[in-house]
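Here's a structure for you.
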Amino acid sequence: MDPGRVRFFLSEVARNFSRNVIMQLTAIGTVTVTIVLLGAFLFTRETAGKIGNDVLHQVQISVFLKDTAGAADAKAIAAKLAHDRRVASVTYVPKAEGLAQMRDRLRGQIDMSLLTSNPLPDALRVRAVDTNHVDQVAAALRKMPSVAKVEYAQDAVQKLVRLSAVLGRIGLGIVALLIVTAAIIISNTIRLTVFARRREIAIMQLVGASSGYIRLPFICEGFLAGLCGAALAVALLAVARAQLLPKLALALPFVPLHDADVNAVVFALELLGVGAAVGIVASWFSVGRHLRT
Amino acid sequence: MISLRGVTLVYPNGTRALDGIDLEIAKGSFVFLVGHSGTGKSSLLRLLYREQRPSRGSVTVDGIRVDKLRRSKVPYLRRNVGVVFQDYKLLVDKTVWENVAFALQVTGARSRDVIRGVPRVLDLVGLAHKSRMFPNELSGGEQQRTAIARALVNNPKILLCDEPTGNLDPANTNDIMDLLHRINLKGTTVLIATHNVLVVDRMRRRVIRLDDGRITADEERGYYHAAGGAAADTAELPIMRYSVGPRTSSLLSE
């Protein structure tokens with residue numbers, strides 16, 4: 001492209017951008033807040049998802065075998081389950097071991113020496129890969145001949161799944177609302193620039209500038225505001241991650257606050273993309289409305 | 001070059017700005033459009049550069065049906081139609097050079113064409129030596145010449161002028177008319193809406209008179225007041241107080 005044309009275009013964008021510094025900063029600040037919250041929300045959702053998954057993962061199905069069933073039957077069931085793709089793990093707990101575990105768990109609370117015989121049946125502890133599969137696995141187990149009883153925390157699992165879905169939706173709604181707010185503020189900022197430059201726009205239209213050409217500097221202005229805001233937000237999030245996360249992890253020792261699975265670069269680029277897109281869309285609409293009149 | 005057929009323009013508030021206008025203007029003509037304020041002169045010009053669409057009738061400019069032109073094509077029409085206003089419409093934060101270059105730059109001209117085109121028109125309007133000055137450092141006449149240079153830099157076939165001398169003293173008025181005349185001699189069709197009686201009467205070119213949105217007179221080598229029309233309009237008398245200097249006589253000498 002012709003360097004003179006590029007220079008003229010860039011000077012137009014720079015002029016637009018510097019014309020309403022205060023409004024521009026407001027727009028950038030709003031985008032920053034929005035993107036920080038979006039980033040925090042996405043991170044929380046990711047972590048919460050993982051915590052949820054961990055909790056759900058711990059939901060185990062207790063399979064109690066009939067008294068008539070022996071170790072061989074238990075091993076047969078375990079072998080069968082091992083081939084089932086929905087099953088994450090199977091542990092065989094013979095009645096003696098079950099009693100020992102119970103003794104450990106209840107030590108000091110109940111005097112187990114009163115027991116003259118072992119009341120526990122042989123048992124299997126089964127974990128599903130996915131919480132959604134728990135029902136199916138349990139149903140399959142119930143049909144097995146040597147199985148006496150199948151127990152698992154069905155309600156708790158379902159409630160947890162539902163709650164996390166609702167929380168996710170609320171969070172998404174808040175973020176969407178913030179994005180709309182940011183878009184409106186950018187749009188208003190651009191409209192101020194458009195207003196300040198209405199003479200120039202009128203002259204551009206008079207001498208035959210295409211509406212695309214008239215629009216472009218304003219779109220770039222919105223793009224820049226969105227990008228700057230998002231860049232600031234990404235920087236803040238990076239600082240927060242470096243400073244806050246270790247402290248948080250110390251404060252909540254049992255909560256798996258790992259973000260190792262999140263690709264920081266991709267995540268940052270996504271957030272920048274959201275900021276830039278909000279800026280472009282907002283300015284497109286605000287200039288479009290003006291050009292039509 | 002310009003053709004209007006059965007053109008009527010009614011504004012949304014019900015005002016009938018133009019009423020059944022039929023008009024032909026040949027290529028390379030120099031035409032005055034006269035009449036009181038509010039008789040539809042500016043409305044007629046606005047139809048020609050598609051600032052306005054007629055309520056009825058057809059408007060053709062350089063073979064293009066302007067009234068049917070799609071919005072996206074309007075910029076290309078306007079590159080062929082230069083427009084000059086009474087209030088110059090210059091950008092005060094740009095120099096003379098930048099104001100003129102602006103018209104090329106925003107239509108996507110290459111910088112080579114800008115560097116060639118701007119001095120050419122500044123030379124034509126006699127402002128080459130003031131190209132670095134800002135509009136508020138110029139006289140009214142110079143500002144109008146800048147505006148004319150800007151209107152011409154895209155080499156339009158038609159130049160529309162809406163009261164180009166409305167804010168100028170007689171000396172500057174004559175300069176501007178002289179310039180417009182020279183532009184016309186180079187082949188550009190020039191259409192001037194004015195109520196400056198002196199200018200019209202001295203130049204003796206085609207005069208189209210509008211009254212209440214209708215053409216009431218159309219004469220080659222006409223006067224401001226059509227033959228047999230009303231005598232001097234009292235509203236326009238103050239203009240006639242100005243003495244006519246030697247510049248006026250140079251109007252047609254070139």
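The values are calculated or read from the model by the stated rules, or taken from the named source; none is laboratory data. Because the structure is a prediction, the values reported are computed rather than measured. No Cβ is skipped: glycine too gets one built from the backbone with ideal geometry, and neighbour counts run over all protein chains shown.
Here is a list of conditions, (1) within 14 Å of A:Thr193 (Cα to Cα); (2) away from chain B (no Cβ under 14 Å); (3) in contact with a helix residue (DSSP H, G or I) (Cβ under 8 Å, 6 or more places away or on another chain), and A:Glu12 meets all of them except one; can you say which number that is?
(2)
Only one of these is within 16 Å of the chain's Cα centre (by Cα), over 30 Å from B:Asp169 (Cα atoms) and either in a loop (DSSP other than H, G, I, E, B) or within 13 Å of chain A (Cβ to nearest Cβ) (or both): B:Arg112, B:Arg150, B:Arg50, B:Arg116. Name it.
B:Arg50
Here is a further query. Output the residue which, of all residues in the range B:97-109 that are more than 8 Å from chain A (Cβ to nearest Cβ) and in contact with a Leu (Cβ under 8 Å, 6 or more places away or on another chain), is surrounded by the most Cβ atoms within 10 Å (Cβ to Cβ).
The qualifying residue surrounded by the most Cβ atoms within 10 Å (Cβ to Cβ) is B:Val100.
Kindly evaluate B:Asp67 against the criterion of being assigned to a helix (DSSP H, G or I), away from chain A (no Cβ under 14 Å), of a type in the set (D, E, K, R) and surrounded by fewer than 18 Cβ atoms within 10 Å (Cβ to Cβ).
Considered against the rule, which asks whether it is assigned to a helix (DSSP H, G or I), away from chain A (no Cβ under 14 Å), of a type in the set (D, E, K, R) and surrounded by fewer than 18 Cβ atoms within 10 Å (Cβ to Cβ), B:Asp67 comes out as no.
It is to be established whether one or more residues within the range A:200-219 are in contact with a strand residue (DSSP E or B) (Cβ under 7 Å, 6 or more places away or on another chain), in a helix (DSSP H, G or I) and either more than 24 Å from A:Ser11 (Cα to Cα) or modelled with pLDDT of 90 or more (or both).
yes
Another question, then. Select, from B:Asn196, B:Asn174, the only residue that is over 21 Å from A:Leu206 (Cβ atoms), more than 14 Å from every other protein chain (Cβ to nearest Cβ) and touching a Lys or Arg at 6+ places or on another chain (Cβ under 6 Å).
Only one candidate qualifies: B:Asn174.
State yes or no: is B:Leu159 within 14 Å of another protein chain (Cβ to nearest Cβ), touching a strand residue (DSSP E or B) at 6+ places or on another chain (Cβ under 9 Å) and modelled with pLDDT of 95 or more?
In short, yes.
Among what's in the range B:70-96 and is among the hydroxyl-bearing types (Ser, Thr, Tyr) and in a loop (DSSP other than H, G, I, E, B), pick the residue that is farthest from the other protein chains (Cβ to nearest Cβ).
B:Thr95
Pull up the range B:81-126, narrow it to residues that are out of contact with any Phe, Trp or Tyr (no Cβ under 8 Å at 6 or more places or on another chain) and acidic (Asp, Glu), then point me to the one that is farthest from B:Ala151 (Cα to Cα).
Once the filter is applied, the top-ranked residue is B:Asp113.
Could you please give the count of residues in the range A:36-91 that are within 25 Å of A:Ala240 (Cα to Cα) and at pLDDT 80 or above?
7
Would you say B:Leu168 is out of contact with any Pro (no Cβ under 8 Å at 6 or more places or on another chain) and within 14 Å of chain A (Cβ to nearest Cβ)?
no
Among the listed residues A:Ala202, A:Ala209, A:Ala235, A:Ala176, identify the single one that is out of contact with any Lys or Arg (no Cβ under 8 Å at 6 or more places or on another chain), without any contact (Cβ under 8 Å) to a residue 60 or more places away in the chain, within 29 Å of B:Ala147 (Cβ to Cβ) and not charged (D, E, K, R).
Every option except A:Ala209 fails the conditions.
Residues checked against (1) within 19 Å of B:Gly187 (Cα to Cα); (2) surrounded by 22 or more Cβ atoms within 10 Å (Cβ to Cβ):
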{"position": "B:Met1", "(1), (2)": "yes, no"}
{"position": "B:Arg16", "(1), (2)": "no, no"}
{"position": "B:Ile21", "(1), (2)": "no, yes"}
{"position": "B:His36", "(1), (2)": "no, no"}
{"position": "B:Lys41", "(1), (2)": "no, yes"}
{"position": "B:Ser58", "(1), (2)": "no, no"}
{"position": "B:Arg71", "(1), (2)": "no, no"}
{"position": "B:Val81", "(1), (2)": "yes, yes"}
{"position": "B:Thr95", "(1), (2)": "no, no"}
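Pairs, please: C-beta under 7 Å, at least 6 apart or cross-chain, first residue in contact (Cβ under 8 Å) with a residue 12 or more places away in the chain and aliphatic (A, V, I, L, M) and in the range B:30-54, second assigned to a loop (DSSP other than H, G, I, E, B) and surrounded by fewer than 21 Cβ atoms within 10 Å (Cβ to Cβ)?
Matching pairs, first to second residue: B:Val31/B:Arg205.
State whether one or more residues within the range A:156-171 are surrounded by 20 or more Cβ atoms within 10 Å (Cβ to Cβ) and farther than 30 Å from B:Asp93 by Cα.
Within the range A:156-171, none of the residues are surrounded by 20 or more Cβ atoms within 10 Å (Cβ to Cβ) and farther than 30 Å from B:Asp93 by Cα.
Which residue out of A:Asp111, A:Asp135 is under 30 Å from A:Ser164 (Cβ atoms) and free of Cβ contacts under 8 Å to residues at least 60 places away in the same chain?
From the options A:Asp111, A:Asp135, the qualifying one is A:Asp135.
Let me ask something else about it. Within the range A:210-240, which residues are within 14 Å of chain B (Cβ to nearest Cβ) and either within 18 Å of B:Glu98 (Cβ to Cβ) or buried (at least 21 other Cβ atoms within 10 Å of the Cβ) (or both)?
Correct list: A:Tyr213, A:Ile214, A:Pro217, A:Phe218.
Mind counting the residues in the range A:192-209 that are more than 14 Å from chain B (Cβ to nearest Cβ) and either within 16 Å of the chain's Cα centre (by Cα) or surrounded by fewer than 20 Cβ atoms within 10 Å (Cβ to Cβ) (or both)?
2
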